[in-house]
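See structure below.
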């Protein structure tokens, strides 16, 4: 599966801090002067919540409240936007406030290159229709090497409940999908065996790492994979 929005996305969005101070200042000034309703972000469609959610088991990343974040949308970077990420439906929502009140807008997914929320960076993998799969959509960028990226697709599952003829829903975190981008190809992996297929020349090192870091693998899979790939970077990933 090929990368449709190549390194230009990473340079534009994830390397944003490397922009000059003047560029950053201009971007922030633009956001202060121009009302959100007068930007391209306001072209999204109104979001209607279809589920009654209880027990704070929501479908969003971290919180169901709007928090400040940045988004690269239709070729422009918008900073300090009130938004939230609907993990279950894989949608990015913004809070639009105008003279008529507040509206929750669903941004057009095909126009989103990436976004930053809760200190986490996400990129949008847009694959051709005949290649759509679990790889398609928003992925968190966990780790970058000189020639590849470790990505994570967050997922939540839905639980339906009936309480005295009242239907409500709860959402629980589901096992994520990890993906490694290398040589213009995205490869999902789910086990040590999959990683060995990715790096066959480092099979011994991978097996040793798994044996030495069993507790970390169980307690923090993200950090485990980051440490593993960092340990392989010297000879394998850097080409």
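The values are calculated or read from the model by the stated rules, or taken from the named source; none is laboratory data. All values derive from a computational prediction rather than experimental measurement. Don't worry about glycine lacking a Cβ; one is built from the backbone with ideal geometry, like all the others, and counts go over all protein chains shown.
Might you let me know whether segment 50-71 holds any residue that is closer than 30 Å to residue 187 by Cβ, in contact with a helix residue (DSSP H, G or I) (Cβ under 9 Å, 6 or more places away or on another chain) and in the same structural domain as residue 151 (by TED's automatic domain parsing)? Looking through segment 50-71, at least one residue is closer than 30 Å to residue 187 by Cβ, in contact with a helix residue (DSSP H, G or I) (Cβ under 9 Å, 6 or more places away or on another chain) and in the same structural domain as residue 151 (by TED's automatic domain parsing). The requirement of being within 22 Å of the chain's Cα centre (by Cα) and either closer than 24 Å to residue 60 by Cβ or in the same structural domain as residue 125 (by TED's automatic domain parsing) (or both) is not satisfied by residue 164.
Going through 80, 98 one at a time, which residue ends up being in contact with a strand residue (DSSP E or B) (Cβ under 7 Å, 6 or more places away or on another chain) and assigned by TED's automatic domain parsing to the domain that holds residue 163? Residue meeting the stated conditions: 80.
For residues that are part of a strand (DSSP E or B) and surrounded by 13 or more Cβ atoms within 10 Å (Cβ to Cβ), tally how many sit in segment 173-226. Qualifying residue count for the region: 12. Mind checking which strands (runs of 3 or more DSSP E) fall wholly inside segment 70-142 and carry at least 2 residues that are closer than 27 Å to residue 223 by Cβ and either under 17 Å from the mean Cα position of the chain (by Cα) or at pLDDT below 95 (or both)? Those strands (runs of 3 or more DSSP E) span 76-86, 112-117, 120-125.
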